[in-house]
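I have placed the structure first, in the form of structure tokens, so that the comments after it can refer back to it.
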Amino acid sequence: MSNLFVISGGPGSGKTTVLAHLHELGFRGAPEVARQIIQEQVRLSGTALPWSDRVAYVRLMLQQSIESYLAHALEPGPTFFDRGIPDTLGYARLIGLTDDGFIQDACRGYRYAPVLFLAPPWEEIYKTDNERRQDFAEAQRTSKQLADVYGECGYEIVELPKTTPAARANFILQQLHLDRYTF
């Protein structure tokens with residue numbers, strides 16, 4: 001779908017903050033399903049967590065990513081996603097899950113706009129929290145894996161500059177020729 005845009009990158013790279021700025025400008029957004037899954041699993045004392053049952057976590061992440069895609073696919077105008085279906089493939093490979101054909105099928109079947117905005121690892125802004133337990137080295141490995149996966153899936157990767165969230169949002173809008181919304 002040409003109106004569905006993904007912003008991805010390793011944990012703590014500023015994706016969600018950029019999406020918040022785009023939302024303030026009136027653009028629709030789809031929140032990160034991985035964070036929602038972690039919050040829900042912790043609340044329910046579930047085990048589908050990256051530090052518990054990683055396979056169940058991957059399956060939930062794929063299912064909810066597809067549901068999010070379908071929920072936004074028919075909306076008019078641009079919608080920005082905090083991660084996309086290929087992020088699930090990247091995570092599966094990061095944890096060594098070898099049976100990932102079902103995720104590859106989903107990546108082929110549910111297509112976003114051909115450009116991926118990648119927020120690079122940025123140590124100066126990196127923080128951990130209740131859902132983000134990875135250290136910065138893992139954030140760097142995650143970013144590299146995501147770039148590889150999105151490239152393999154045929155997306156053009158555009159790296160976001162390390163600047164303010166507002167300037168990053170403006171950069172995205174300029175790249176998409178939506179800069180009449182700049183601030």
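Values computed for the structure shown
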read-out	value
For region 93-129 versus region 37-92, the gap between their alpha-carbon centres in whole angstrom	11
Residue order, fewest to most beta carbons within 10 Å, for TRP122, TRP51	TRP51, TRP122
Candidates SER45, SER143, SER13: whichever shows maximal mean-square fluctuation once the chain is modelled as a Gaussian network with Cα springs under 10 Å	SER45
Size descriptor, Kirkwood hydrodynamic radius, that averages inverse alpha-carbon separations across the chain, Å	16.5
Candidates PRO78, PRO120, PRO161: whichever shows maximal mean-square fluctuation once the chain is modelled as a Gaussian network with Cα springs under 10 Å	PRO161
Average Cα contact separation per residue, region 45-145, under 8 Å, 6 or more apart, as relative contact order %	23
Least to most buried among ARG93, ARG168 (fewest other Cβ within 10 Å first)	ARG93, ARG168
Among THR163, THR17, THR79: highest mean-square fluctuation, GNM of the chain, C-alpha pairs under 10 Å	THR163
Lys, Arg +1 and Asp, Glu -1 on Cβ, resulting dipole of region 4-181 about Cα centre, debye, nearest 20	140
Packing-based exposure ordering (other Cβ within 10 Å, fewest first) of PHE171, PHE102, PHE5, PHE136	PHE102, PHE136, PHE171, PHE5
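Just so you know, all these numbers are worked out from the coordinates, no wet-lab data involved. Note that the coordinates shown come from a computational prediction; the quantities given were computed from them, not determined experimentally. All Cβ positions, glycine included, derive from the backbone under ideal geometry; neighbour counts span all protein chains shown.
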